Every structure is written in structure tokens, then in C-alpha cells.
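The values are calculated or read from the model by the stated rules, or taken from the named source; none is laboratory data. Not measured: the values here are computed from a predicted model. Cβ placement follows ideal geometry from the backbone for every residue including glycine, while neighbour counts extend to all protein chains displayed.
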Amino acid sequence: MASPEEAQKKIAELKAQINHHNYRYYVLDSPEISDAEYDVLLRELKQLEAQHPQFLTADSPTQRVGAEPLEAFGVVEHPTPLLSLGNAFSGDELSAWHTRISRLLGHASFDFVGEHKIDGLAVALTYVNGRFATGATRGDGFRGEDITQNLRTIRSLPLAVPQDAPPRFEVRGEVYLPLAGFHKLNREREEAGLPLFANPRNAAAGSVRQLDPRITTRRPLDIYIYMLGSAEGKATPSTHWETLEYLKSLGFKVNPNNRRLDDIKQVEDYYQTWVEKREKLHYEADGIVVKVNQLELQQRLGDVGREPRWAIAYKFPAVQGTTRLIDIGISVGRTGTLNPYAILEPVSVGGVTIRQAALHNEDDIRRKDIRIGDTVIIQRAGEVIPAVVGPVTSQRTGKEKEFKLLEKVFDKEKGHPACPVCGSEVFQPEGEVMYYCSNAACPAQAQQRIEHFASRGAMDIRGIGENLSATLYEKGLIKDIADIYYLKDRKEQLLELEKMGEKSVSNMLDAIEKSKNRPLARVIFALGVRHIGEETAELLARESHSLDALAEASREELMSIETIGPKIADSIIAFFRQETNRDIIKRLRESRVKLEEKPVKAEALPLAGMEFVLTGTFKTFSRKEAEERIKTLGGTIGSSVTRKTTYLVVGTDPGSKLDKARSLGTKIMNETELQNLLNQKA
């Protein structure tokens, strides 16, 4: 078992990695690693947190359902959270899950429902007085994107239900693209010279998140409803199986491959059947979902770590194929990492043509003994970017070449290994496996740093996403993050960009102006210092109170802060030592970006000791903005209404939290009252 110090460092690294991949997967629909690789990271983090519970924090990815939603479509709050599922990858793990829940219930006399885990996009559909009212994505599990108009284009989704349905209810379903439709769509895109979708999930997600519903309606999306989320005003069935039958009677499309299963043996038989028959399905599925049938038992089992105890995803074995590794390329990441990737002879794996695959780092390549020219095993299970499992050594000819990163990037003219993008010297920090480009102004790093700086977890500059940040950089309108605050002087050039009209430009410039007052922790995180995630940024902001103080701190002073070790301390010092970074900070200050905060004792803040829960949609501010203002004044944010809740803040369409607050006698305030309180206490 790792020592507490080692575990704490590893947990911080895993959090940063997983948060990054959550953002790529859930927000951008552009994953960088396979599901299997993501599962390995998450399971390692869960294991470390279980062994060292003192380092488990509320913002850990293991306590989250997903990343935060985009707000281009508006935001819908789910009446009950859309939880994510724990995974089982073997019969032993399934049996262990069954043993745990049997022990909790005190008996094993219960049945199950088996369903296919379709590789699509989870959605929540709300019906009011017999009409389809709103549809939303999972989002972060508590709030999702409002994609109502796009969901209306799905012909299998009923726009009205019988009048004897509950007056208000919500169902959950999976939007998917049938394989035949997926292949047809990709053929059309290929003929039109457009980039192909990597897989059906990616295509389905991209289709329902179109700003123009006319594009969505041209794509053959379908949906299966898999549960009733909530219902008001009418009794509903007492088992999950009966609920599915009831939903069918209301006109919802329910997967005909669902089965009621008497015991865990039948669950295993159901799983094995579909392992063998999965290729015959008209949609892509990566496993089965097993649910305890009785809803009363589901309630007794409850949730743990934002995952239901009463359900589990039993994953199918990964789909694999073999092909030749032509070469190993090198890409450069946001923090300057030199990332190897496999260049492959095209191969179809699970219906998807694979040309590139992930290779983690040089040590991993060496450990697996992967060589250029090898026949290699490629693995995918519905993921966007597959992984190289390892070589087929029996097919070696003797002509294969070992990969050495420094030789790959060696520049003969300069006489040293050089960054493949900018030509600067590369280095490997002591104790790390990754090599880095030494140039903080490297174009590959700069564009990704701009994207990170503007992202929602950082400065939250809406409008500057992956595509626009790349365009602004390529057009020479911005070269680093500080240039963002000088775009107001280039409005005419912005208007000349594709898809950038007067309103879009004005909204973006307004967002840039608002970002100048973000909390110091956000600024520290946005700078993109290696090893500094959101949690560490908040810690550094509380301790330093200003960016100048942080920049001037010695190694010893930094390491005196709890949880800050030598790796993080050295990274901070190296960042502020670079003249390029000091110049960026100077220009941020000149642009009036807030780089300091007054130190205030938490108990002295006006909202200290108060817990706020927010529900519904707000007009004058976003939920995140409201939460930040509350926390700045010393208040805390709760996820659900309890007896500890001081205020429930209610927006439009508040959901079930309002009923819970009324039953507990919790004080309720509206948006205006919260604004008045915050302004009064500020």
C-alpha cells in the first residue's frame, strides 16, 4: 500500500487526469482515451480513496456523475439526479456486487431486470398534463442542457401521452443512432468531404446538440426509455419491470430485449447470451445493466458516491482487432507533454475504421515491448480513441524497430532533441516519465492553453471554445491568454470570421469583460500550471491571497502548505520563473483582471454557517455564479434539502426540492431575494 504522502500526490494527479477526460467526453464530445483506459484511472482513484479516506473530497471525480453542461441551449435542473453506474468487468465482480446488496438487505430473495447498456446519450424527458414539455441531457447529473426542440424530431418519442398519465412526470431514456443509419450518415459525410463520426455515440451526441433542429431531423435518431425518474399526482407501479410495462402502455418505446430475471444465475445467463449475440444488434451496446426489480428495495439500498447501489453495468469484453503499426507519431499537449500515438494500417474494429490509437508514454511502450512494424492488438469497446493492447510477437520478422522518443524528435541541425511543433529543446523532469517542450510559447501549447483558460472550470468565457480558440490563434488575433483581453480592439477583424456576427462578437466581448472578476482560484487554475487542478488552485488562493505572493513564494514556503509537495512546488516556481509567463501576468494586470483577494477569516464572513440549496432556472445569473457569490461571503452549497439547509433558493421549474423544503419547514427565497441578500451582505 502506498504511503499517505504518495497516495495524496497520486490522488491529485488522477483527479486532474480524470477531470480533463470528463470535460473532453461529456462537454466536448471529443474523448482522448478509451472507456477502458478511463475505467482504469477511475478505479485506481476509487481504490486509493478507499485506502486513504482522509483524502476523499466532495469535488473528487468519484463523487461526480459527469462534467458540467454547456449553457448554449439553456439549463434544466433534474427533479432527481441522473446517477452514473458502477461497473463490473467479470463474473466475480458481479457476484461481489450481489453479495454486498444481499448483506445490506439482510436476504437474497429478490429478482432483477436486465437491460442493454446502449452506447448513446442519456436524456431526461418531462411531461406536463399529457404533453412533452422539456428534454435535457444528463449534464453533471443535477443539471443538463435543454435540447427539447431537437428531441422533438425523434419520431419514436411521443409528444403526447394518455390523459390518465400522471399530471407531471419524468422518464429517462437513451438516444441512439442505429448502426445502419450511422454507416449511411458517414458515407454521406465522406462524399461531402466532411470529417467522419468516430462511432454511433459520438454521432448521436453531436446530432441532438445541434443548435439548428433542422439538422437533427435529417438524422435517423431513435430512443429507448429505460426508467421512470419521478411522478406526481398519481400512483405508479411498485417494481421496475411493471414500470417498464406501464411506460409501454403510455406509448413509450421500451427495449424488447429487456428481461425480468429471477436470480443472479439468470443474470449471468442473460449476459452470456448477449456477449455471443451482440454483433447481431441493430445498435451498439457495451454491456448490460442489472437492476434490482423491487422499487422499495432500491430505495432501501440507496446510493453511494453518486452511484446507485441497486444497479450495476456489467461490461462486455472489449472488441479487439489486429493490424500493423506503421509508425509512432508525437503530439504536443497543453502543458508541453510529448505524447506518442500509434499510426496504423486502417483496420475495422467493431464497425469503426481505426487509423490511430493511444500510446500513453515511452515507458508504457517499452513495458509492452511495442515496436514499429509490429502486428499489434487494437482494443475498443465503443470508445472514440482505441488503445494498443500489445504486440503479436509470433508474427515478428526481425525488421521491427524499437521506439525511442528522443531519437524520434532528434534535430540533426540543432544537435539536440527538439519539439516537433516549434523546434525548442525538450526535457524530462526528474522522477517523471513524460518529456516536455521547453517553450511556453510553443504554438501547440499556446492554442490549448487559450482553450483551457476560457473553459468553464477556469475563466468561463462563453463563446471561446475549442474551435474558436483555434481559429483566433491561427488568424493571429491572439497568441497567448493575455491577448484575449485585447480582442475588444479587434472587433472588425472578429466580424470577418466565419459564423461570427454582430451579436456573437458582442456576447463574447461581454463574457471576456465579466471574466475579469473571477475568483483568484479560477485565475490560478486558468493559467495552466502543471499539476495545478481546481482543488489545488483553491488551496493556493486561500493561502497566498494574490498572484504576486504566489509568484514570489519560495520552495519551502510552498511546501509548508498542506498537500503541496516538491513536484507541485517546483512546477509553480518554474512557471513564474519564465519571462513569457511573467509578461502574460503583467498584461493580465494591465487589463484589470483581478489577481488578488483580501484575506478574510471564514467565521467572520456574513454568510458563515449558512447552507444554501439552489433549484430551478435563474434569469439574472447562472447557478455557478450564484454559488460562487454565496461561497465568497462564507456560505456553503448543499446538493439536496436536509434539516441542515438554511435556505432553498427557488428559480423557475424548481422540481421536487421545493416539496421537500416545505415538508421540513426550510426557509424559501426567490431569485430577487437572494440578489438582495447578497448585495446587502457584500
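Computed values, structure above
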read-out	value
Given (1) buried (at least 16 other Cβ atoms within 10 Å of the Cβ); (2) of a type in the set (S, T, N, Q); (3) touching a Leu at 6+ places or on another chain (Cβ under 7 Å), index of the condition SER469 fails	(3)
Some residue of region 140-149 being over 27 Å from GLN298 (Cα atoms), hydrophobic (A, V, I, L, M, F, W, C) and either in contact (Cβ under 8 Å) with a residue 40 or more places away in the chain or in contact with a strand residue (DSSP E or B) (Cβ under 6 Å, 6 or more places away or on another chain) (or both)	yes
Filter pass, ARG518 being at pLDDT below 90 and either farther than 30 Å from HIS360 by Cβ or outside the structural domain of LEU540 (by TED's automatic domain parsing) (or both)	no
Subset of region 614-664 [part of a loop (DSSP other than H, G, I, E, B) and either within 21 Å of ASN679 (Cβ to Cβ) or in the same structural domain as GLU538 (by TED's automatic domain parsing) (or both)]	GLY616, PHE618, LYS619, THR620, PHE621, SER622, LEU633, GLY634, GLY635, THR646, GLY651
Filter result (of a type in the set (Ser, Thr, Tyr) and under 14 Å from GLU115 (Cβ atoms)) within region 208-238	TYR224, TYR226
Counted residues, region 110-134 - those being crowded, with 21+ Cβ neighbours inside 10 Å and more than 25 Å from VAL290 (Cα to Cα)	1
Elements of type helices (runs of 4 or more DSSP H) in region 532-610, at least 3 residues being of a type outside the set (A, V, I, L, M) and touching a residue at least 40 places away in the same chain (Cβ under 8 Å)	534-544, 566-577, 579-590
So GLN680, is it more than 25 Å from the chain's Cα centre (by Cα) and free of Cβ contacts under 8 Å to residues at least 12 places away in the same chain	yes
Some residue of region 597-614 being within 29 Å of the chain's Cα centre (by Cα), under 30 Å from HIS78 (Cβ atoms) and among the small types (Gly, Ala, Ser)	no
Tally, over region 160-184, of residues that are over 23 Å from THR80 (Cβ atoms), outside any helix (DSSP H, G or I) and among the hydrophobic types (A, V, I, L, M, F, W, C)	2
Test: TYR283 is of a type in the set (Ser, Thr, Tyr), within 30 Å of ILE147 (Cα to Cα) and modelled with pLDDT of 95 or more	no
Residue ID - modelled with the lowest pLDDT, chosen from residues in region 87-109 that are closer than 25 Å to GLU174 by Cβ and crowded, with 17+ Cβ neighbours inside 10 Å	PHE89
Filtered residue count, region 643-662, keeping only those that are loosely packed, with under 13 Cβ neighbours inside 10 Å and either at pLDDT below 85 or within 22 Å of GLY141 (Cβ to Cβ) (or both)	3
Restricting region 120-144 to residues that are assigned to a strand (DSSP E or B) and either at pLDDT below 85 or of a type in the set (S, T, N, Q) (or both), the residue that is nearest to ASP164 (Cα to Cα)	THR126
Residue in region 453-462 that is among the aromatic types (Phe, Trp, Tyr) and either within 25 Å of GLU625 (Cβ to Cβ) or surrounded by fewer than 20 Cβ atoms within 10 Å (Cβ to Cβ) (or both) present	yes
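Yes/no per residue for (1) among the acidic types (Asp, Glu); (2) at pLDDT 90 or above:
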{"position": "GLN294", "(1), (2)": "no, yes"}
{"position": "ALA313", "(1), (2)": "no, yes"}
{"position": "ALA318", "(1), (2)": "no, no"}
{"position": "ASP327", "(1), (2)": "yes, yes"}
{"position": "ALA342", "(1), (2)": "no, yes"}
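Residues checked against (1) in contact with a Cys (Cβ under 7 Å, 6 or more places away or on another chain); (2) closer than 23 Å to LYS567 by Cα; (3) part of a helix (DSSP H, G or I):
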position	(1), (2), (3)
GLY390	no, no, no
SER394	no, no, yes
LYS399	no, no, no
LYS414	no, no, no
VAL421	yes, no, no
GLY431	no, yes, no
ALA441	no, yes, no
ARG456	no, no, no
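Table: residues versus (1) surrounded by fewer than 14 Cβ atoms within 10 Å (Cβ to Cβ); (2) in contact with a Ser or Thr (Cβ under 8 Å, 6 or more places away or on another chain).
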| site | (1), (2) |
| --- | --- |
| VAL267 | no, no |
| GLN272 | yes, no |
| GLU279 | yes, no |
| GLU284 | no, no |
| GLN294 | no, yes |
| GLY302 | yes, no |
| GLU307 | no, yes |
